[in-house]
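Here's the structure we're looking at; comments come further down.
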Amino acid sequence: MEERRRLPEVLRLEDWWAVWFGLLIIIAAVVGLVHKVPKIGKWADNPLDVFLLIKDGEVIGNIIIPIIFLWLGLGILTAIGVIVMEGKFIRYFGGYTVIFLLSIISIIISHQRQINAIGLEYAFWALAIGLLISNTIGTPKWLLSGAKTEMFIKTGLVLLGAEIIFDKILQLGAPGLFVAWLVTPIVVIFMFVFGTRFLKMGSKALVIMIAAATSVCGVSAAIATCAAVRGKKEELTLTVGMSLIFTVAMMILMPVVILSIHLDKIIGAAWMGGTIDATGAVVAAGAALGPEAEKVAAVVKMIQNILIGIIAFFVAVYWTAKIERDPLGPKPSLAEIWHRFPKFIVGFLGASLLFSFLLIPTMGNEIAEKNILGNVTVNLRGWLFCLAFVSIGLEANFREMAKQLVGGKPIILYIVGQSFNLVLTLIAAYLAFGGILFDRPI
């Protein structure tokens, strides 16, 4: 144990291991060691249909062997970090294996066609399965050894950075930046002030997590912010749960509202891109308005996703300089701020820059975007997120979560903050995409 404490920070912290894992995965995809990550299909009546490979209506194979290789490869890769950090392998790999199986179950449930049409994606079911186990029979300690929530989600966030391509951001230019970057910090500040001063919520960490989830991109922003403030697992679970529930509701209702009031579809798409929390839900909602609207909604959300790292950075600085600073002590140094900063953000931004300015220009869109991103990193990010959501549920306790809900203040904060976000983003979308401040990009 003493030897591990003497390890350099880049080998001792999960944040850095997330960066190394993300980098190794990208390198493996670039050099061709990993060609494709299996993706579970849809089903109607027989859940086993998800494992079949179907082409032109005929079954040509299955994905069972690729899933086994995925389980083994991802398990060994992450186990390297666990062994270096903790010196444990068997307990981790055993717990990881069960969590991987629970992840498969949650994805299968979410891919049933009727359930999928409602918008209840794998994140909801993964969290629900984990919560069901932890709050009924209880989560065994050996299983918790495999519940590396932060390691899974942070590695997934590094891979998410690869999907933020600057050429796509430039397609919308100033209008997209106006909607995504002007409103978001205003909503974060408004919600933090409202939660701490008006609602007088006891946990400022919970307030900032809810504010980040509401204004940026839901779960990913909540986890990044939680790392910056070192929030409690129960607070993160509560934030994630609220975000998932309201995301489904907004994904279903916003296209209906836009169509019923005959709002310009491009303005409506920008509105949804700036307010619906999850990227997948944004794309689904945008598709309901047509292909052009889907593109606008997705790019606005992509532009907003860049703020995950920026918001986490400023929150870390503010927490170090104001919230947790000893008023009688010296001002925090740059070293202390760097110590607080979520290091996986370095990987998140680095992956974006790598794909935007090196891989796509040199390899071309066909290889870099369709083969590497489409077949490997995007699918693997989904698996990592699913593992993380199961882990969050397994670590959470309803009694501890209920303490955070006393007086319903977190729910009030979310509803008031999201309402403010909806109004402000609609105004920004109208000004930016309605031909008022800028020429319409589409």
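The values are calculated or read from the model by the stated rules, or taken from the named source; none is laboratory data. Quick caveat: nothing in here was measured; it's all calculated off a predicted structure. Here Cβ is always computed from backbone atoms with ideal geometry, including for glycine, and neighbour counts include all displayed protein chains.
Some values worked out for this structure:
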| read-out | value |
| --- | --- |
| Matching entry among Asp45, Asp49 (being assigned to a loop (DSSP other than H, G, I, E, B) and either among the acidic types (Asp, Glu) or loosely packed, with under 11 Cβ neighbours inside 10 Å (or both)) | Asp45 |
| Some residue of segment 240-252 being within 17 Å of Leu157 (Cα to Cα), in a helix (DSSP H, G or I), out of contact with any strand residue (DSSP E or B) (no Cβ under 6 Å at 6 or more places or on another chain) and of a type outside the set (S, T, N, Q) | yes |
| Of all residues making up segment 83-104, the number that are without any contact (Cβ under 8 Å) to a residue 40 or more places away in the chain and assigned to a helix (DSSP H, G or I) | 3 |
| Where Met201 falls short, out of the listed (1) buried (at least 18 other Cβ atoms within 10 Å of the Cβ); (2) in a helix (DSSP H, G or I) | (2) |
| Among the residues listed as Ile337, Ile360, Ile345, the single one being surrounded by 13 or more Cβ atoms within 10 Å (Cβ to Cβ), β-branched (Val, Ile, Thr), closer than 25 Å to Gly22 by Cβ and without any contact (Cβ under 8 Å) to a residue 24 or more places away in the chain | Ile337 |
| Positions within segment 20-42 being over 21 Å from the mean Cα position of the chain (by Cα) and assigned to a helix (DSSP H, G or I), in sequence order | Ile27, Ala28, Ala29, Val30 |
| Pairs with Cβ under 9 Å, 6+ apart, first in segment 159-186 and under 25 Å from Val37 (Cβ atoms), second outside any helix (DSSP H, G or I) | Gly161/Ile306; Ile164/Ile306 |
| Considering residues of segment 251-268 that are in contact (Cβ under 8 Å) with a residue 60 or more places away in the chain and of a type in the set (A, V, I, L, M, F, W, C) only, the residue farthest from Met191 (Cα to Cα) | Ile266 |
| Residue in segment 217-228 that is closer than 25 Å to Leu405 by Cα and over 23 Å from the mean Cα position of the chain (by Cα) present | no |
| Count - residues of segment 406-439 that are surrounded by 13 or more Cβ atoms within 10 Å (Cβ to Cβ) and not in a helix (DSSP H, G or I) | 4 |
| Which numbered condition Trp16 misses (of (1) closer than 20 Å to Leu380 by Cβ; (2) surrounded by fewer than 18 Cβ atoms within 10 Å (Cβ to Cβ); (3) of a type outside the set (S, T, N, Q)) | (2) |
| Condition check for Lys322: basic (Lys, Arg) and either part of a helix (DSSP H, G or I) or under 18 Å from Asn421 (Cα atoms) (or both) | yes |
| Segment 115-131, residues that are part of a helix (DSSP H, G or I) and in contact (Cβ under 8 Å) with a residue 24 or more places away in the chain | Asn116, Ile118, Tyr122, Ala123, Phe124, Ala126, Leu127, Ala128, Ile129, Gly130, Leu131 |
| Single unsatisfied condition, Glu150 versus (1) more than 28 Å from Ala288 (Cβ to Cβ); (2) at pLDDT 90 or above; (3) not β-branched (Val, Ile, Thr) | (2) |
| Hits in segment 83-100 - residues which are in contact with a Gly (Cβ under 9 Å, 6 or more places away or on another chain) and over 15 Å from Val37 (Cβ atoms) | Arg91, Tyr92, Phe93, Gly94, Gly95, Tyr96, Thr97, Val98, Ile99 |
| Unique match (being surrounded by fewer than 14 Cβ atoms within 10 Å (Cβ to Cβ), β-branched (Val, Ile, Thr), in a helix (DSSP H, G or I) and under 24 Å from the mean Cα position of the chain (by Cα)) among Ile80, Ile76, Ile68, Ile107 | Ile76 |
| Test result for Val193, farther than 17 Å from Ala123 by Cα, β-branched (Val, Ile, Thr) and surrounded by fewer than 24 Cβ atoms within 10 Å (Cβ to Cβ) | yes |
| Tally, over segment 379-402, of residues that are surrounded by fewer than 22 Cβ atoms within 10 Å (Cβ to Cβ) and more than 16 Å from Leu131 (Cβ to Cβ) | 2 |
| Residue in segment 38-61 that is farthest from Tyr122 (Cα to Cα), counting only those that are touching a residue at least 24 places away in the same chain (Cβ under 8 Å) and of a type in the set (A, V, I, L, M, F, W, C) | Ala44 |
| Criterion (touching a Lys or Arg at 6+ places or on another chain (Cβ under 9 Å) and closer than 30 Å to Glu163 by Cα) met by exactly one of Val376, Val390 | Val376 |
| Evaluation of Trp125 against (1) surrounded by fewer than 18 Cβ atoms within 10 Å (Cβ to Cβ); (2) at negative phi (one fails), failing number | (1) |
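Conditions tested, residue by residue: (1) modelled with pLDDT under 90; (2) polar (S, T, N, Q); (3) surrounded by fewer than 23 Cβ atoms within 10 Å (Cβ to Cβ); (4) not in a helix (DSSP H, G or I).
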{"position": "Ile208", "(1), (2), (3), (4)": "no, no, no, no"}
{"position": "Ser215", "(1), (2), (3), (4)": "no, yes, no, no"}
{"position": "Trp271", "(1), (2), (3), (4)": "no, no, no, no"}
{"position": "Ala284", "(1), (2), (3), (4)": "yes, no, yes, no"}
